[in-house]
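Written below as structure tokens is the structure these notes are about.
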Amino acid sequence: MEFENIYKSYWDRIFRLCMGFVNDYDVAQDLAQETFIIVWQKLDTFRNESSIGTWIFRIASNNCLKQIEKEKRFPKSELPAHITEEKQYSLEPQIQFLYKCIAELPEIERIIISLELEDIKQAEIAKIVGLSEANIRVKIHRIKEKLTHKFKENGK
């Protein structure tokens, strides 16, 4: 598969996965772009031991986890109070709230639910995160319960 087709096929899904991790449009864009740089650089080393999608989602997940670790080590400095952010997002409020809730989940749960939302098969999710399929099913059920509870609490 050539890179251009991979990029076109997976960009939106990888971006949404990154949004689930960081809940920041600009950072998610950067992470998705970094993921595809890695894919482009390493495409000739892909061994077909899993599907190309599994491989790309694994790269994206690892890339997002590295970013989260980096942010923990180097906390962002606060912006001066007089600067206001004027970003316009095209995401509906409920989707923004969903990303906010996902971003508050523990790392492994963020990976799992983000992949589930991208319609990745549970067997593939199990390979990506290194858990059994049965464990993935249970975790997905519990994560959905948590998210449903948060939506009910906030009247969404």
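Structure values in brief
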| quantity | calculated |
| --- | --- |
| Of all residues making up segment 79-117, the number that are modelled with pLDDT under 85 and of a type in the set (Lys, Arg) | 1 |
| Residues (of a type in the set (Gly, Ala, Ser) and either modelled with pLDDT of 90 or more or assigned to a helix (DSSP H, G or I) (or both)) located in segment 14-69 | 20, 28, 32, 53, 60, 61 |
| Breaking point among (1) of a type in the set (S, T, N, Q); (2) open to solvent by 50 Å² or more (accessible area, probe 1.4 Å); (3) at negative phi, for residue 67 | (2) |
| Filter result (of a type outside the set (Asp, Glu) and more than 18 Å from residue 106 (Cα to Cα)) within segment 133-156 | 134, 152, 154, 155, 156 |
| Candidate set from segment 7-20 (those that are open to solvent by less than 10 Å² (accessible area, probe 1.4 Å) and closer than 11 Å to residue 35 by Cβ); member that is farthest from the chain's Cα centre (by Cα) | 14 |
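The values are calculated or read from the model by the stated rules, or taken from the named source; none is laboratory data. Keep in mind that what you see is a predicted model, and the values were worked out from it rather than measured. Counting neighbours? That spans all protein chains shown, and the Cβs are built from the backbone with ideal geometry, glycine included. SASA here: full protein model, heavy atoms, side chains in, ligands and nucleic acids out. Shrake-Rupley method; radii C 1.70, N 1.55, O 1.52, S 1.80 Å.
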